[in-house]
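I have placed the structure first, in the form of structure tokens, so that the comments after it can refer back to it.
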Amino acid sequence: MRKRILLVEDEPGLRLTLSGRLASEGHLVEQAADGETGLRRASSEPFDLVVLDVMLPDRSGFDVCRDLRKGGIETPVLMLTARGQVEDRVLGLKLGADDYLVKPFAMSELLARVEARLRREPPPAREATEGYHFGEIDVDFRKAEVMRAALDLGADIVNDIGALQAPGALAAVAAHPRCGVCLMHMRGTPRSMQAEAVYDDVMTEISAFLAERIDAVQAAGIARERIVVDPGIGFGKTPAHNLEILARQQALLALGVPLLVGWSRKSTLARLAGLPAKAPAGRSPTEQARLEAASVVAAVLAVQRGARIVRVHDVAATVAGLAVWQASQRADNRADPSSDRASTP
Ligand code: CA
């Protein structure tokens, strides 16, 4: 599989030489000529490696590296520095770089270091919002052709924020013998959804929408056992709507298919945790920990109210939170065997 490398280098000659050599090794090379562009692309697109010059216009390689790590981006970084001082190399590594090379360097050493980094695990995939961007190419997983291609490559679940409403989407999933499908409720599109977050009764509308989609999916020949539903926390909902969904979540169990809920790191939780709702430049480790704690509590509350699947970022912390809740239930039952609180998921 070809690896995607982002080359952030302001010297046009070096950029050309490096990208040519890396491409001839079979890699897919994208380029950025300044720190600001490099940071934006490395933050928003999936790369296997960032080759990052230190001396850059707009924002130095040190700043780019620090901001990437603050934003939770774990893509390996190989720094190119003209500054061979020990302090500079140490600073780069401490800010989150994985390796460095002092300019001028031998091309063979750069290629060897690139290969050494790429042997390691690929970085985890990040959540899709409005599709993925690969250079000039936009990939939208709501489109039927993309679903079909992903299923052909071995995907087991189609997790569709469009609930298979795109032309051909039902047929693409129906053509697969067994893949699961998650139908999510969203108002509008990811771009417009917050402006369209107006409901007479949010739960009634979500239930009716999901019921209609379950019928449509079954009518297309997809067995009920393959379906789960997701109320779409934060997709065209205000914080008040999201909390109302939590309070009245049990109404969705009447749909008769497993319920998936994704509260993790949503802006409603950030607000409740006293953090800014959005943090494009990333959150500090302390702020991240607070948002993670809020996410774990929300996941436990969702499971307590009947969710069978939770979509989370911090799996270990969520498992720990659920373990405490389950243990407390068992203790409750021992203390009062007549109580009916043994509904362990
Ligand atoms: Ca430079």
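The values are calculated or read from the model by the stated rules, or taken from the named source; none is laboratory data. Note that the coordinates shown come from a computational prediction; the quantities given were computed from them, not determined experimentally. Because the Cβ atoms are built from the backbone with ideal geometry, glycine has one as well, and the counts that use them run over all protein chains shown.
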Margin query: Need the failing condition index for Pro345 against (1) at pLDDT 95 or above; (2) surrounded by fewer than 16 Cβ atoms within 10 Å (Cβ to Cβ), just the number.
Written below: (1)
Check: Listed residues Leu291, Leu253, Leu246, Leu301; which is of a type in the set (A, V, I, L, M), closer than 30 Å to Arg187 by Cβ and touching a strand residue (DSSP E or B) at 6+ places or on another chain (Cβ under 7 Å)?
Finding: Leu253
Next item on the list: May I ask you to verify whether Arg2 is part of a loop (DSSP other than H, G, I, E, B), in contact with a His (Cβ under 8 Å, 6 or more places away or on another chain) and farther than 28 Å from Lys278 by Cα?
Entry: yes
Item checked: Condition met for Arg226 (under 20 Å from the mean Cα position of the chain (by Cα), assigned by TED's automatic domain parsing to the domain that holds Val257 and among the basic types (Lys, Arg)) -> no
Next item on the list: Would you be able to tell me the number of residues in the stretch 1-41 that are more than 12 Å from the ligand (Cβ to nearest atom) and charged (D, E, K, R)?
Entry: 9
Check: Are any of the residues in the stretch 45-65 assigned to a helix (DSSP H, G or I), more than 16 Å from the ligand (Cβ to nearest atom) and either surrounded by 14 or more Cβ atoms within 10 Å (Cβ to Cβ) or not assigned by TED's automatic domain parsing to the domain that holds Ala289 (or both)?
Finding: no
Notebook entry, point to check: Picking from Val102, Val114, which residue would you name as being assigned by TED's automatic domain parsing to the domain that holds Glu25, surrounded by 14 or more Cβ atoms within 10 Å (Cβ to Cβ), modelled with pLDDT of 90 or more and in contact with a Lys or Arg (Cβ under 8 Å, 6 or more places away or on another chain)?
Noted result: Val102
Item checked: Lone qualifier among Ala195, Ala155, Ala163 - being part of a helix (DSSP H, G or I) and under 24 Å from the mean Cα position of the chain (by Cα) -> Ala195
Next item on the list: Hey, could you check the stretch 234-264 for residues that are part of a loop (DSSP other than H, G, I, E, B) and at pLDDT below 95 and say which is surrounded by the most Cβ atoms within 10 Å (Cβ to Cβ)?
Entry: Lys237
Margin query: Being in a helix (DSSP H, G or I) and either modelled with pLDDT of 90 or more or farther than 27 Å from Ile206 by Cβ (or both) is the requirement here; does Glu145 meet it?
Written below: yes
Check: Within the stretch 66-89, can you find the residues that are aliphatic (A, V, I, L, M) and either closer than 13 Å to Asp10 by Cβ or within 14 Å of the ligand (Cβ to nearest atom) (or both)?
Finding: Met79, Leu80, Ala82
Next item on the list: Starting from the stretch 200-219, take each residue that is in the same structural domain as Leu255 (by TED's automatic domain parsing) and list its partners that are surrounded by 12 or more Cβ atoms within 10 Å (Cβ to Cβ) and of a type in the set (Asp, Glu), counting only C-beta distances under 7 angstrom and pairs at least six apart or across chains.
Entry: Val202/Glu244; Met203/Glu244
